[in-house]
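Undergrad: Here it is, the structure, as structure tokens.
The values are calculated or read from the model by the stated rules, or taken from the named source; none is laboratory data. On a predicted model such as this, the values are computed, not experimentally measured, just so you know. Heads up, the Cβs are rebuilt from the backbone with ideal geometry, glycines too, and the neighbour counts pull from every protein chain shown. Keep in mind that these areas ignore ligands, DNA and RNA; they rest on the heavy atoms of the full protein, side chains included. Shrake-Rupley method; radii C 1.70, N 1.55, O 1.52, S 1.80 Å.
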Amino acid sequence: MNPIELSKNVYWVGAIDWMTRDFHGYSTERGTTYNAYLIIDEKVTLIDTVKEGYRRELMHRIRNIIDPKKIDYLVVNHVEMDHSGVLPDVIREIEPEKVICSKMGHKALMKHFHNADWPYHVVTPGEDMSLGEKTLSFVETRMLHWPDSMFTYLKEDQILF
């Protein structure tokens, strides 16, 4: 399956798990998705990764759009393994300039992966970050799901990740 263009230069590049039948206590008779998004701009940005076992699917979709080494920023909205299971492998492969996360996200990433040498950029609630023509804004959503949860809003396209 190819990436899906959501708006100009914004793509869904995640993975589809057709086999999962129970996800967080919900019946998923047709499986589930692990959602990741790619924004092409002066600063190419990947938002989230996927569950372990789906890295090849994620990277295949990204390669259909751009060389993964051209990804500058990696945003981690949530550290739970269905969002970040392949994070260490993806970071090794793309070598991002920044790994963007919330304060609680940073704390959780350190507990899960123990990588103090990743190029962390801890954002504050309401902080904006220009990618060139597009702007990301970060919204901390502690305990909406887990303490590390964060939303990323793409202002010009009015997309909430």
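Undergrad: So which of Asp72, Asp82, Asp48 ends up being acidic (Asp, Glu) and over 20 Å from Val122 (Cα atoms)?
TA: Within the list Asp72, Asp82, Asp48, the selection yields Asp82.
Undergrad: Go through the range 20-34 and report how many residues are closer than 27 Å to Ser137 by Cα and open to solvent by 30 Å² or more (accessible area, probe 1.4 Å).
TA: Result for the range 20-34: 1.
Undergrad: So which helices (runs of 4 or more DSSP H) stay within the range 13-114 end to end and still have 1 or more residues that are touching a Cys at 6+ places or on another chain (Cβ under 9 Å) and touching a residue at least 24 places away in the same chain (Cβ under 8 Å)?
TA: Result: 103-113.
Undergrad: Out of Asp128, Asp89, report the one residue that is open to solvent by 30 Å² or more (accessible area, probe 1.4 Å), charged (D, E, K, R) and touching a Lys or Arg at 6+ places or on another chain (Cβ under 6 Å).
TA: Sole residue among the options that is open to solvent by 30 Å² or more (accessible area, probe 1.4 Å), charged (D, E, K, R) and touching a Lys or Arg at 6+ places or on another chain (Cβ under 6 Å): Asp89.
Undergrad: For the range 35-58, does any single residue satisfy the condition of being in contact with a His (Cβ under 9 Å, 6 or more places away or on another chain), farther than 11 Å from Tyr11 by Cβ, open to solvent by 70 Å² or more (accessible area, probe 1.4 Å) and modelled with pLDDT under 95?
TA: Yes, the conditions are met somewhere in the range 35-58.
Undergrad: Still on this model: Taking the stated definitions as given, is Glu97 open to solvent by 70 Å² or more (accessible area, probe 1.4 Å), under 21 Å from Glu42 (Cα atoms) and in contact with a Pro (Cβ under 8 Å, 6 or more places away or on another chain)?
TA: The answer is yes for Glu97.
Undergrad: Among the residues of the range 122-150, what is the count of those that are among the basic types (Lys, Arg) and either in contact with a strand residue (DSSP E or B) (Cβ under 7 Å, 6 or more places away or on another chain) or modelled with pLDDT of 95 or more (or both)?
TA: 1
Undergrad: Checking Gly85 against (1) within 15 Å of Tyr37 (Cβ to Cβ); (2) of a type outside the set (Val, Ile, Thr); (3) under 15 Å from the mean Cα position of the chain (by Cα): exactly one of these is not met. Which one?
TA: So the condition that Gly85 fails would be (1).
Undergrad: Moving to a separate point now. Take the residues of the range 125-161 that are closer than 18 Å to Thr45 by Cβ and of a type in the set (Val, Ile, Thr): which is nearest to the chain's Cα centre (by Cα)?
TA: Thr152
Undergrad: On to the next question. Quick one: is Met1 in contact (Cβ under 8 Å) with a residue 24 or more places away in the chain, open to solvent by 40 Å² or more (accessible area, probe 1.4 Å) and either of a type in the set (A, V, I, L, M, F, W, C) or in contact with a Ser or Thr (Cβ under 6 Å, 6 or more places away or on another chain) (or both)?
TA: yes
Undergrad: Which one of Asp82, Asp67 is more than 23 Å from Lys155 (Cα to Cα), at pLDDT 95 or above and acidic (Asp, Glu)?
TA: Selected residue: Asp67, the only one of Asp82, Asp67 that is more than 23 Å from Lys155 (Cα to Cα), at pLDDT 95 or above and acidic (Asp, Glu).
Undergrad: Would you point out the residue of the range 61-85, among those that are in contact with a Leu (Cβ under 7 Å, 6 or more places away or on another chain) and over 21 Å from Phe138 (Cβ atoms), that is most open to solvent (accessible area, probe 1.4 Å)?
TA: Applying the filter and picking the extreme gives Ile65.
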